[in-house]
Amino acid sequence: MGSNNIILIGFMGSGKSGVGIQLAKKMDYHFKDTDEMIVAREGIEIQEIFDKYGEKWFRNLETTLLLSIMDTLEKTVLSTGGGMPMKDRNVNLLRGMGHVIYLRASESTIIDRLSGDTTRPLLQGENLQEKVKKLLEARISVYEKVADIIIDTDDKSIDDIVEEILGKKGG
């Protein structure tokens, strides 16, 4: 169990879902997205979970989800929420589930990709650039520490990123 899974971490807009779907197809793996799984389990959107219960509650839902899938995840590319690795317990769970790949995108790339996206609770309100900068500063070192492999995604197509992952993973 575990070692044949690929866990994608990274900031919002770094390409985890798009890359994950393509990578899973190419490897003939399953694709799962932790945010989608939480929405399916809770029956409400992420934004609503944040609005009603707050970020801490959501982070606990992420841990509960990881605990419930850790023993059954096989041949899966798992796309995680951007804040998931910020909780130590989640880091240990993620690392135990497979190869952790950090899809790294620059601040400007993230801002380009997320401008106009109203679905991300942590970016609501004014000054997207300031919010992204602050969150990135808090997360980058954690992402880098957790990752087995780091892939830069700026100015690369999804196919290029997938090929790079397959090359570095040796698959």
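The values are calculated or read from the model by the stated rules, or taken from the named source; none is laboratory data. As the structure is a prediction and not an experimental result, all values here were calculated from the model. For neighbour counting, all protein chains shown are included, and Cβ atoms are generated from backbone atoms with ideal geometry for every residue, glycine included.
Here Gly82, Gly96 are screened, and the one residue that is out of contact with any Cys (no Cβ under 8 Å at 6 or more places or on another chain), outside any helix (DSSP H, G or I), closer than 17 Å to Asp148 by Cα and not acidic (Asp, Glu) is Gly82. Considering segment 1-37, and only residues there that are assigned to a loop (DSSP other than H, G, I, E, B) and without any contact (Cβ under 8 Å) to a residue 60 or more places away in the chain, the residue that is farthest from Glu74 (Cα to Cα) turns out to be Asp28.
Of the residues making up segment 105-134, not one is under 22 Å from Leu66 (Cβ atoms) and modelled with pLDDT of 85 or more. Here segment 13-25 is the region considered, the condition is being out of contact with any helix residue (DSSP H, G or I) (no Cβ under 6 Å at 6 or more places or on another chain), surrounded by fewer than 18 Cβ atoms within 10 Å (Cβ to Cβ) and not aliphatic (A, V, I, L, M), and the residue that is nearest to Pro85 (Cα to Cα) is Ser17.
For segment 148-171, a residue qualifies if it is farther than 23 Å from Leu114 by Cα, in a helix (DSSP H, G or I) and among the aliphatic types (A, V, I, L, M), and the qualifying residues are Ile165, Leu166. Taken over segment 41-86, the criterion of being free of Cβ contacts under 8 Å to residues at least 60 places away in the same chain and touching a Ser or Thr at 6+ places or on another chain (Cβ under 7 Å) is satisfied by Glu62, Leu65, Gly81. Restricting to segment 130-171, and then to whatever is more than 18 Å from Gly15 (Cβ to Cβ) and of a type in the set (D, E, K, R), can you tell me which residue is surrounded by the most Cβ atoms within 10 Å (Cβ to Cβ)? That would be Lys131.
Residue count for segment 57-79, restricted to those that are in a helix (DSSP H, G or I) and among the aliphatic types (A, V, I, L, M): 5. Filtering Thr34, Thr76, Thr64, Thr80 for residues that are more than 27 Å from Ser106 (Cβ to Cβ), in contact with a strand residue (DSSP E or B) (Cβ under 9 Å, 6 or more places away or on another chain) and modelled with pLDDT of 95 or more leaves a single hit, Thr76.
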